[in-house]
Amino acid sequence: MKKALDRIDYEILGLLRNNARISNKEIAQKVGLAASTCLVRIRLLQRSGVISGFHAEIAPASLGVGIQAMIAVRLIRHFKPDVDAFRQHALGLPEVVQLYHVAGPIDFLVHVWARDSDHLRDLAMTAFTSREEVSHIETELIFEHIRSSELPSFTEPAKRMD
């Protein structure tokens, strides 16, 4: 049985979401725990799968990215081998930043980075429309991408039993 997250767990998760490089000592101070206790909690959150990893936010322009887009992909049929083939293909493309398998009239949303509009057009034509499992794509330019700093909570934090 998984342990319910309490208020302190939520505070730790919020701090790490906003800055994965924050020191354990600083987290402990902000949530009111001893550093050793805080470290134990973070390790438990990792082991239980609540924290699935840490990453760095990269400025796209620093890598030569001049344009971002979301490509909506509809497959000819929503058939597991086709879904798996497209997923594997898309994740193998260096331009793909994120891949979403979605419900509705489209099957995938693909967030891509490209150098410029020519690169984006060529990517769409060669990497997506040429696939036999793809029936239709629509490309939407991304003007701005902002990640929310808020941590959503759909469950009530458990009360601490001290």
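Restricting to Cα pairs below 8 Å that are 6+ residues apart, what does the relative contact order work out to for the chain? Please round to a whole percent.
Value for the chain: 29 percent.
³J(HN,Hα) across the stretch 134-143 via Karplus (A = 6.51, B = -1.76, C = 1.60, θ = phi - 60°), whole Hz, x for Gly/Pro?
For the stretch 134-143, the Karplus-derived couplings read 8, 9, 7, 9, 9, 10, 10, 6, 9, 7 Hz, x marking Gly and Pro.
What is the dipole size for the stretch 51-121, taken about its Cα centre, with +1 at each Lys and Arg Cβ and -1 at each Asp and Glu Cβ, in debye to the nearest 20?
Numbers: 6 positive and 7 negative charges, 43 e Å.
Value, rounded to 20: 200 debye.
Across the chain, how many lysine pairs separated by 8 or more positions, or lying on different chains, have Cα atoms within less than 28 Å?
Values: LYS2/LYS25; LYS2/LYS30; LYS2/LYS159; LYS3/LYS25; LYS3/LYS30; LYS3/LYS159; LYS25/LYS159; LYS30/LYS159.
So the count of such lysine pairs works out to 8.
Do any trypsin sites (Lys or Arg not before Pro) in the stretch 62-105 lie in a DSSP loop with no more than 14 other beta carbon atoms within 10 Å, and if so, which?
Hits after loop and neighbour filter: ARG77.
Of the chain, which part is the longest with no chymotrypsin sites (Phe, Trp or Tyr not before Pro) in a loop (DSSP not H, G, I, E, B) and with at most 12 other C-beta atoms within 10 angstrom?
80-142
Counting GluC sites (Glu not before Pro) as exposed when in a DSSP loop with at most 14 other beta carbons within 10 Å, what is the longest stretch of the chain free of them?
58-131
What does the extension gain come out to for LEU141 and ALA20, with contour length at 0.36 nm per residue minus their alpha carbon separation? Could you put the intermediate results ahead of the total?
On the way: separation 121, 0.36 × 121 = 43.56 nm, distance 2.89 nm.
Gain on extension, LEU141 to ALA20, equals 40.7 nm.
Considering the options ILE137, VAL96, ILE67, tell which one lies farthest towards the positive end of the dipole of the stretch 28-162, charges being +1 on Lys and Arg and -1 on Asp and Glu at the Cβ, about the Cα centre.
The one lying farthest along the dipole's positive direction is VAL96.
Under 5 Å between amide H atoms, partner at least 5 residues away or on a different chain: which partners does LEU5 have, H built in plane at 1.01 Å?
Amide H to amide H, under 5 Å and 5 or more residues apart or across chains, LEU5 pairs with ALA158.
Using the Cα centre as the reference, give the magnitude of the dipole from point charges on the C-beta atoms of the chain (Lys, Arg: +1; Asp, Glu: -1; all else neutral), rounded to the nearest 20 debye. Kindly include the intermediate steps, with their values, before the conclusion.
Numbers: 20 positive and 20 negative charges, 199 e Å.
Dipole about the Cα centre, nearest 20: 960 debye.
Taking Cα atoms of the stretch 25-89, Rg/Rh with Kirkwood Rh, to two decimals?
That ratio is 1.24, to two decimals.
On a 0 to 90° scale, report how tilted helix 35-47 is relative to the longest principal axis of the chain, with both axes built from alpha carbons and the result rounded to the nearest 10.
Helix 35-47 and the main axis of the chain meet at about 40 degrees.
Keeping every protein chain present and rolling a 1.4 Å probe, give me the accessible area per residue for the stretch 42-152 in Å².
The answer is 65 Å² per residue.
Shape call for the stretch 1-62 from the C-alpha gyration tensor, a ≥ b ≥ c root eigenvalues: rounded (a/c under 1.5), prolate (a/b greater than b/c) or oblate? Intermediate results must be reported in sequence, preceding the final value.
Numbers: a/c = 2.35, a/b = 1.48, b/c = 1.59.
Verdict is oblate for the stretch 1-62.
First check a/c for the stretch 45-148, with a ≥ b ≥ c the square roots of the eigenvalues of its C-alpha gyration tensor; if it is under 1.5, answer rounded, and if not, answer prolate when a/b is larger than b/c or oblate otherwise.
In terms of gyration-tensor shape, oblate.
With n ≥ 4 as the cut-off for DSSP H runs, can you work out [θ] at 222 nm for the chain, using -39500 (n - 2.57) per run divided by the number of residues, rounded to the nearest 500?
-9500 deg cm²/dmol
Of the accessible area of the chain, with the probe set at 1.4 angstrom, what percent is carbon plus sulfur?
Details: 6070 of 10960 Å².
Ligands and nucleic acids excluded, carbon and sulfur give 55 percent.
What are the residues whose amide H is under 5 Å from the amide H of VAL134, where those residues sit 5 or more places off or on another chain and H is modelled from the backbone?
Under 5 Å from the amide H of VAL134 lie the amide H atoms of ILE76, each far enough along the sequence or on another chain.
The values are calculated or read from the model by the stated rules, or taken from the named source; none is laboratory data. Treat the numbers as computed from the prediction; the structure is a model and nothing was measured. A quick note on method: Cβ atoms are made from the backbone with ideal geometry, for glycine too, and the neighbour counts reach across all protein chains shown. The protein model used for the area step is the full one, side chains on, heavy atoms only, and it has no ligands, DNA or RNA in it. Shrake-Rupley method; radii C 1.70, N 1.55, O 1.52, S 1.80 Å.
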